[in-house]
C-alpha cells in the first residue's frame, strides 16, 4: 500500500513538473532611451469624450496688426492676440479645440518673430498644491511642445506653473473650474 502511494505521488509530481516546465518566461526586450537632443513627439489625443465648451469662456477680440507692433507689453497682454488653451480635468492632453487655439497662436507668433512668451500652466482649486503645480507644468509643456512641432523656436518660449494659485475665475463650481484649467500665454519680450 505504501508503495502504491509512493508511485502515485511520483507520477503526480512528474506530471506537475512537466506542466510547469513547458511554459516559457516572457522575454522583455530592452529599449534604448530616446536621444537627449530630440524633443518628445506630441502625445496623441486619447480622450474620446467631447469637450464641453462653456459659453462663459472668455473670448479675445481681434487686435489690428499695427496696434500689436506699437503697443507696450502691458497693452499687448491686456488685449492679447494669443489665446489660452483649456484642458479637461486632470489632463494635459491637447484636444482638437486646444489644437485650433494653438494653431492660431503659432500663426501670430510667426508674424511677430521677435516676440518671447511665457506659457503659464494653471489648474482648478481641487487637488493638492504639489499635484497642481506638476499638472500645470505638464500643461504648459504640452502647449510648448505642440507649438515647437509647428515651427516656433524653443528659445522664444518659457514655461512656468502656478498650479491653483492664480485662478481666472474664483468660483467654486465646474463653470469656474473649467476656465481655470488652462495654459495662459504672456508676451514677455518683443
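The values are calculated or read from the model by the stated rules, or taken from the named source; none is laboratory data. These figures come from a predicted structure and were not determined experimentally. Cβ placement follows ideal geometry from the backbone for every residue including glycine, while neighbour counts extend to all protein chains displayed.
Residue-level check: of (1) closer than 19 Å to residue 131 by Cα; (2) touching a strand residue (DSSP E or B) at 6+ places or on another chain (Cβ under 9 Å), residue 172 misses just (2).
I'm trying to understand the selection: among the residues of the range 170-181, which are surrounded by fewer than 19 Cβ atoms within 10 Å (Cβ to Cβ) and closer than 15 Å to residue 123 by Cβ?
170, 171, 172, 174, 176
Report, by residue number, each residue of the range 155-169 that is surrounded by fewer than 21 Cβ atoms within 10 Å (Cβ to Cβ) and either out of contact with any strand residue (DSSP E or B) (no Cβ under 7 Å at 6 or more places or on another chain) or modelled with pLDDT under 95 (or both). Those that are surrounded by fewer than 21 Cβ atoms within 10 Å (Cβ to Cβ) and either out of contact with any strand residue (DSSP E or B) (no Cβ under 7 Å at 6 or more places or on another chain) or modelled with pLDDT under 95 (or both): 155, 165, 166, 167, 168, 169. Residue-level analysis places residue 139 among those that are at pLDDT 95 or above and crowded, with 19+ Cβ neighbours inside 10 Å. Taking the criterion of being on the phi > 0 side of the Ramachandran plot, loosely packed, with under 15 Cβ neighbours inside 10 Å and modelled with pLDDT of 50 or more, would at least one residue in the range 85-92 satisfy it? Checked the range 85-92: at least one residue is on the phi > 0 side of the Ramachandran plot, loosely packed, with under 15 Cβ neighbours inside 10 Å and modelled with pLDDT of 50 or more.
Selection of the range 132-164 for residues being in a loop (DSSP other than H, G, I, E, B) and either in contact (Cβ under 8 Å) with a residue 40 or more places away in the chain or within 18 Å of residue 89 (Cβ to Cβ) (or both) yields 150, 151, 152, 164.
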